[in-house]
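The values are calculated or read from the model by the stated rules, or taken from the named source; none is laboratory data. None of the values given here were measured: they were computed from a predicted structure. All Cβ positions, even for glycine, are placed from backbone atoms using ideal geometry, and neighbour counts span all protein chains on display. When the accessible area is computed, the model is the full protein with side chains, heavy atoms only, and any ligands, DNA or RNA have been set aside. Shrake-Rupley method; radii C 1.70, N 1.55, O 1.52, S 1.80 Å.
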Amino acid sequence: TMNNSYPLASTTWDMSEIEAIKNVISSGNYSMGKYVKLFEEKFSKVFGSKYSIMVNSGSSANLLAIASLFYRKRNPLKRGDEVIVPAVSWSTTYSPLQQYGLKLKFVDIDLETLNYDLTSLKSAVTNKTKLIVVVNLLGNPNDFKVIKEIILDKNIDIVEDNCESMGAEYELKKTGTIGTIGTFSSFFSHHISTMEGGIICTDDRELYDIILSLRAHGWTRNLDDDNSICNKTKDNFTESFRFILPGYNLRPLEFSGAIGLEQIKKLPEFVKQRKKNHDVFKKLFKNDDRFIIQKEIGSSSWFGFSLILDNNLIKRSDIFKILEKNNIDFRPIVSGNFSKSESLKYYNYEIHGEMKNAEYIDSNGFFIGNHHYDLTEQIKYLHKTLNNLK
């Protein structure tokens with residue numbers, strides 16, 4: 001890449017992904033089949049999860065993760081149940097909660113980690129709380145030890161939205177496998193890319209079977225004979241169109257599975273390089289009193305690099321002008337403060353305490369992309385550009 005631009009995202013493909021696509025074309029089978037299955041098995045192995053289910057996007061992964069909790073036999077979620085969410089995440093972290101009639105309770109984030117403000121989270125949990133959606137933001141794990149202490153004696157599930165954080169680890173466990181269910185995204189700009197794609201991980205056999213059915217029409221066809229949610233008959237005619245749940249069609253294409261198999265081989269290298277890039281970024285920005293940079297918990301996979309203005313030394317609008325002029329891509333920190341999104345008029349929600357940190361990053365934060373290749377030049381270019389503002 002040239003020294004005079006710094007894009008947000010880039011392709012992680014080479015000829016092996018193109019070959020994988022050609023293999024699918026020559027097989028003539030484009031809908032979900034053997035490659036998707038192989039990818040799911042490989043994903044489970046790499047992430048240490050019992051079950052992995054591939055879907056057509058990370059948003060779909062979130063939808064099915066939430067849906068599955070409504071259909072389990074023991075302690076199912078019900079409409080009106082209270083779910084705690086962070087004030088900053090992507091829109092489709094929240095949408096499934098609205099679609100399933102849950103009541104959201106927004107909790108502020110921590111200005112340094114960009115994940116839950118743990119004091120605020122602790123005070124938000126009540127006997128009504130049935131679920132906490134834990135979002136690992138921009139690659140950074142939450143402090144799961146503290147979160148698990150908060151919910152220790154309570155019957156509260158954790159759904160882990162890990163769509164921005166593939167390859168991150170907390171206490172040697174991969175994020176996305178720490179909660180009851182975890183979700184991942186393999187969209188273009190993410191750690192691995194399968195065109196469109198998402199993955200759900202769980203160790204719970206019942207939830208796995210429910211998700212397999214919900215992913216395709218709510219039918220029984222994709223379930224094993226000895227599954228945990230229905231008795232399959234030997235009558236193929238009946239079984240071929242037998243519907244047991246109000247499902248969707250969120251199946252991935254074979255292309256996505258085949259590409260995923262190539263991409264996942266490269267994931268360790270991708271993450272390693274992203275960490276090296278972060279070392280460069282941190283060295284240049286950690287003592288810069290104009291900015292707060294993200295504080296790592298556990299081992300982040302560094303989706304991007306956030307910069308939050310500290311102490312009004314410069315105006316954000318001036319920064320944006322100079323970044324634009326120098327071809328450096330930037331974006332809001334995910335949604336900014338989602339608790340003031342205009343879509344909330346359709347939600348049942350409450351705001352727990354003040355959203356002061358979420359509000360602060362909304363008006364004072366932005367993020368810059370990270371990539372799977374060496375960004376030393378680009379990060380130095382960014383640093384030099386921002387120093388011209390002093």
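So the values come out like this:
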read-out	value
Residue in the range 12-24 that is within 30 Å of Leu386 (Cβ to Cβ) and either open to solvent by less than 70 Å² (accessible area, probe 1.4 Å) or not in a loop (DSSP other than H, G, I, E, B) (or both) present	yes
Spans of strands (runs of 3 or more DSSP E) in the range 124-212 with at least 2 residues among the small types (Gly, Ala, Ser)	181-185
Residue satisfying condition, being surrounded by fewer than 17 Cβ atoms within 10 Å (Cβ to Cβ), over 30 Å from Ser31 (Cβ atoms) and within 25 Å of the chain's Cα centre (by Cα), within set Lys325, Lys272	Lys272
Selection count, the range 336-363, where residues are assigned to a helix (DSSP H, G or I) and surrounded by 20 or more Cβ atoms within 10 Å (Cβ to Cβ)	5
Filtered residue count, the range 186-203, keeping only those that are of a type outside the set (Val, Ile, Thr) and open to solvent by less than 10 Å² (accessible area, probe 1.4 Å)	6
Matching residues in the range 238-282 - criterion: being of a type outside the set (Lys, Arg) and outside any helix (DSSP H, G or I)	Phe241, Phe243, Ile244, Leu245, Pro246, Gly247, Tyr248, Asn249, Leu250, Pro252, Leu253
Output for the range 213-237, where each listed residue is in a helix (DSSP H, G or I) and surrounded by fewer than 21 Cβ atoms within 10 Å (Cβ to Cβ)	Asn236, Phe237
Condition met for Phe184 (at pLDDT below 95 and under 24 Å from Ile333 (Cα atoms))	no
Enumeration of residues in the range 143-175 that are exposed (fewer than 14 other Cβ atoms within 10 Å of the Cβ) and either among the aromatic types (Phe, Trp, Tyr) or within 19 Å of Ser120 (Cβ to Cβ) (or both)	Lys145, Lys148, Glu149, Leu152, Lys154
Flag if Ala61 is assigned to a loop (DSSP other than H, G, I, E, B) and open to solvent by less than 40 Å² (accessible area, probe 1.4 Å)	no
Hits in the range 1-17 (condition: closer than 26 Å to Ile53 by Cβ and of a type outside the set (Ser, Thr, Tyr))	Ala9, Trp13, Glu17
Selected residue (only one of Lys128, Lys122 is without any contact (Cβ under 8 Å) to a residue 40 or more places away in the chain and either open to solvent by 50 Å² or more (accessible area, probe 1.4 Å) or in contact with a Phe, Trp or Tyr (Cβ under 6 Å, 6 or more places away or on another chain) (or both))	Lys122
Those residues of the range 238-269 which are β-branched (Val, Ile, Thr) and either more than 19 Å from His372 (Cβ to Cβ) or open to solvent by 60 Å² or more (accessible area, probe 1.4 Å) (or both), in sequence order	Thr238, Ile244
Residue that is surrounded by the fewest Cβ atoms within 10 Å (Cβ to Cβ) [pool: residues in the range 75-103 that are over 17 Å from the mean Cα position of the chain (by Cα) and within 16 Å of Ile211 (Cα to Cα)]	Pro76
